[in-house]
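First the structure, in the form of structure tokens, and then the observations on it.
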Amino acid sequence: MGAQLRLLRRRIRSVKSTAKITRAQELIASSRIVKAQQRMEAAVPYEREITRAVSAVLSNSADVDHPLTVAKEQPTAAGVLIITSDRGFAGGFNANVLREAEALGGHLRGRGLEVKPFVVGRKGITWHRFRDRRMSGEWSGFSDNPLYAHAKEIADSLVAAFEDENGIDEIHIVYTEFVSMLTQQVQVKRILPLEVEETTEEPPEGPLPYYEFEPTAGEVLNQLLPRYIESRIFNALLQSAASEHASRRRAMKSATDNANELIRVFTQRMNQARQAEITQEISEIVGGANALADASAGKE
């Protein structure tokens, strides 16, 4: 019985140590979510305005034929930008992204396209290396705190591959969108070539401004479109960072709750074992006293 008590005490100490770690991870993630949300909200006005500017240029210049807006008649390869995290302890955050990326890859292969992955985050890179899958680009070390310079580096690589004749003909992005502290959704979007839609409806933000282009609308697009791609990727990185912290917070809270439940169960078992040990000792003492009493009565 003593060995069982020692085992339960050892397990309780071990679970308490784990609970301290998971609780600390939960608090760290909670503090970082606020900063990630603030950065994400601060980037929204820039993305909104550059989107309006690109829309205005394309609306006022119907004859502009830019390489980034024209889909190839017979595409042969597609690049998929997969945004994962550098660290674990985030529940199903990375698994959900990689599962959607696999589904997208299957759809693209069904169209007869070669899939070339561009991966952000150590978890995604490790996943591809473990399966011996060649990556056309990889970046890591900034998943929880991305900078615009990181987005620019990724965008430059993707645009260069898109403009290369033997590169890629489409670019898709798979990332996790931050909806709320409790909800994060994996998004799959095509970012190149741009989808130009003709409509007579007025945009929800109001009518688009009229621009005069100097020297030409094509030159303006040459400057705007790379910035637009960078802003889209930067927004995806920020959304993914906030989602990563929220997923880690939720996962660590669940782990802490499970650890506390285990501590309660082990403590209950330990108390039962101690009570059974005390009961056994009392029974042995009473039995010994009765035996002595019977022995003394026999001598008399």
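Observations, loosely collected:
- Hits in region 224-254 - residues which are within 14 Å of MET181 (Cα to Cα), among the charged types (D, E, K, R) and touching a helix residue (DSSP H, G or I) at 6+ places or on another chain (Cβ under 7 Å): GLU244, ARG248, ARG249, LYS253
- Region 122-144: number of residues that are part of a loop (DSSP other than H, G, I, E, B) and either in contact with an Asp or Glu (Cβ under 9 Å, 6 or more places away or on another chain) or surrounded by fewer than 16 Cβ atoms within 10 Å (Cβ to Cβ) (or both): 10
- Within region 109-153, being closer than 14 Å to TYR175 by Cα and either aliphatic (A, V, I, L, M) or modelled with pLDDT of 90 or more (or both) holds for PRO117, PHE118, VAL119, VAL120, GLY121, LYS123, GLY124, PRO146, ALA151.
- Hits in region 147-187 - residues which are in a helix (DSSP H, G or I), surrounded by 13 or more Cβ atoms within 10 Å (Cβ to Cβ) and not basic (Lys, Arg): TYR148, HIS150, ALA151, GLU153, ILE154, ALA155, ASP156, SER157, LEU158, VAL159, ALA161, PHE162
- GLU100 part of a helix (DSSP H, G or I) and either touching a Phe, Trp or Tyr at 6+ places or on another chain (Cβ under 7 Å) or of a type in the set (D, E, K, R) (or both): yes
- Scanning region 107-121 for residues that are surrounded by 13 or more Cβ atoms within 10 Å (Cβ to Cβ) and among the basic types (Lys, Arg) returns a single hit, LYS116.
- Meets criteria (at pLDDT 85 or above, among the β-branched types (Val, Ile, Thr) and touching a Leu at 6+ places or on another chain (Cβ under 9 Å)) for THR22: no
- In this structure, GLY91 does not qualify as crowded, with 18+ Cβ neighbours inside 10 Å, modelled with pLDDT of 90 or more and within 17 Å of GLN184 (Cβ to Cβ).
- Count - residues of region 66-97 that are part of a strand (DSSP E or B) and within 17 Å of ARG122 (Cβ to Cβ): 3
The values are calculated or read from the model by the stated rules, or taken from the named source; none is laboratory data. All values derive from a computational prediction rather than experimental measurement. Cβ: placed from backbone, ideal geometry, glycine included. Neighbour counts: every protein chain shown.
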